[in-house]
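What follows is a short report on a single structure.
The values are calculated or read from the model by the stated rules, or taken from the named source; none is laboratory data. As the structure is a prediction and not an experimental result, all values here were calculated from the model. We place every Cβ from the backbone using ideal geometry, glycine too, and count neighbours over all the protein chains shown. Just the protein is used for accessible areas: all its heavy atoms, side chains included, with ligands, DNA and RNA removed. Shrake-Rupley method; radii C 1.70, N 1.55, O 1.52, S 1.80 Å.
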Amino acid sequence: TNADIATLVCENKIKDHTLEKRFNSDRVVLIRRMVFEKTLATLGPSVALDSLSSAAPECDNFYERIHGANCEIVVGYVPLPVGVVGPLTLNGETVYVPMATTEGCLIASTNRGCKAISSGEGAFCSILNDGITRAPCVRLPSARRAAELAIWCGVSDNFAKLKAAFESTTSFGKLLEAKPTVAGRNVYIRLKCFSGDAMGMNMVSKGSLAAIDLLKSCFPEMILVALSGNMCTDKKAAATNWIEGRGKSVVAEATIPRKVVEATLKTTVKAIVDTNINKNL
């Protein structure tokens, strides 16, 4: 029974991460809930996971599709309300945008903004740059060898080798650039990758590791310090991202007529300018 399997997991006779390989994914969710309820009960008052949805939504193989792709140690899912904002006039076309949120008034506010923009000439937007980055940190025995590695990366034939190694791991990712920065014996190689419609960090990390393996064959004494050397730069503000860009670099503009500001946004142009100066400048 599910309870028996949960007991075996709690006794470490079955590893939690192997459950999906042994049983149906829908069943695993129920088993794992029992495991956590038993575990949490040993820490204090019992905490039930009943508030989480466990029954799979009405789509084929919901939990099976999640496993190995979107989430690990799955115990359920959280449904999010989805609203639609629009119409928004963007680059001369009318678009509607789905938004998932639990923040009241957010969609209504966004919709009001769309109305104000579209009541004028609409918004105009251009993508100037498109590439996600990962910057492995490698260490060489000397600063001289570090410089030689950086120079090696700048040779077009060598970049082609890095590109082939990187792209051997993905059907969608394309290595666009390898930009090394030398700091003593360390080299931070900022790899820039086109990742299609995905944000792509897992994709680019896997490709970066293949590129590092290629470098290792050319520089056997090289040591990988960290796959992410903090020049990517991921999940934090960094000057290099402002200068070099990361992800999509976009320029957008919209001109909203004074009458629309007053009628739709219920304010004046002067009040908006004054507020912006006092809050942000």
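Relative to its Kirkwood radius, the Cα radius of gyration of segment 62-138 gives an Rg/Rh of 1.14. Taking 28 Å as the cut-off for C-alpha to C-alpha distance, list the pairs among 174/216; 259/279; 236/266; 115/192 that go past it. Violating the 28 Å limit, Cα to Cα: 236/266; 115/192.
Couplings 3J(HN,Hα) of segment 129-146, computed from phi: 8, 8, x, 8, 10, 9, 10, x, 9, 10, 10, 10, x, 8, 5, 4, 5, 4 Hz, in residue order, whole Hz [Karplus 6.51 cos²θ - 1.76 cosθ + 1.60, θ = phi - 60°; x for Gly and Pro]. The Cβ shell under 9 Å around residue 146 holds other residues with a net charge of +3, Lys and Arg each +1, Asp and Glu each -1. Overall size of segment 50-186 from C-alpha positions, given as principal axis extents largest first: 59, 49, 28 Å.
3J(HN,Hα) couplings calculated from phi for segment 75-85 with the Karplus curve 6.51 cos²θ - 1.76 cosθ + 1.60 (θ = phi - 60°) are, in sequence order, 10, x, 8, 10, x, 10, x, 10, x, 10, 10 Hz; Gly and Pro show x.
Ordering 108, 142, 132 by the projection of their Cα atoms onto the charge dipole of segment 99-147, which places +1 on the Cβ of Lys and Arg and -1 on the Cβ of Asp and Glu, puts 142 at the extreme positive end. Translational diffusion of segment 204-280, estimated by Stokes-Einstein from the Kirkwood radius over alpha carbon pairs at 25 °C in a medium of 0.890 mPa s, is 141 µm² per second. Look at where the Cα atoms of segment 212-281 and of segment 1-39 average out, and the two centres are 43 Å apart. Dividing the summed -39500 (n - 2.57) terms of all DSSP H runs of n ≥ 4 by the residue count of the chain sets its mean residue ellipticity at 222 nm at -12000 deg cm²/dmol. Backbone amide hydrogens, once placed in the peptide plane, bring residue 228 within less than 5 Å of 137, excluding anything fewer than 5 places away on its chain.
Chymotrypsin sites (Phe, Trp or Tyr not before Pro), restricted to segment 136-179: which are DSSP loop and have at most 15 other Cβ atoms within 10 Å? Answer in residue order: 172. Volume per residue of the convex hull around the Cα atoms, evaluated for the chain, comes out as 240 Å³. Scattering from segment 136-250 was approximated by placing one identical point on each alpha carbon and applying the Debye formula without solvent; log10 I(q)/I(0) at 0.18, 0.20, 0.23 1/Å stands at -0.90, -1.10, -1.41.
Look at where the Cα atoms of segment 99-121 and of segment 139-174 average out, and the two centres are 45 Å apart.
Amide H to amide H, with H built 1.01 Å from N, residue 176 comes under 5 Å of 192, 193, 194, counting only residues 5 or more places away or on other chains. For segment 147-239, with all protein chains in place and a probe radius of 1.4 Å, 60% of the accessible heavy-atom surface sits on carbon or sulfur.
From the largest down, segment 135-182 spans 37, 20, 14 angstrom on the principal axes of its Cα atoms.
With all protein chains kept in place, the per residue accessible area of segment 69-117 amounts to 66 square angstrom at a probe of 1.4 angstrom.
Relative to the 2.2 N^0.38 Å rule of thumb, segment 178-224 has a C-alpha radius of gyration ratio of 1.28. Of all DSSP beta bridges located in the chain, what percent are antiparallel, nearest 5? Among the beta bridges of the chain, antiparallel pairing accounts for roughly 95 percent.
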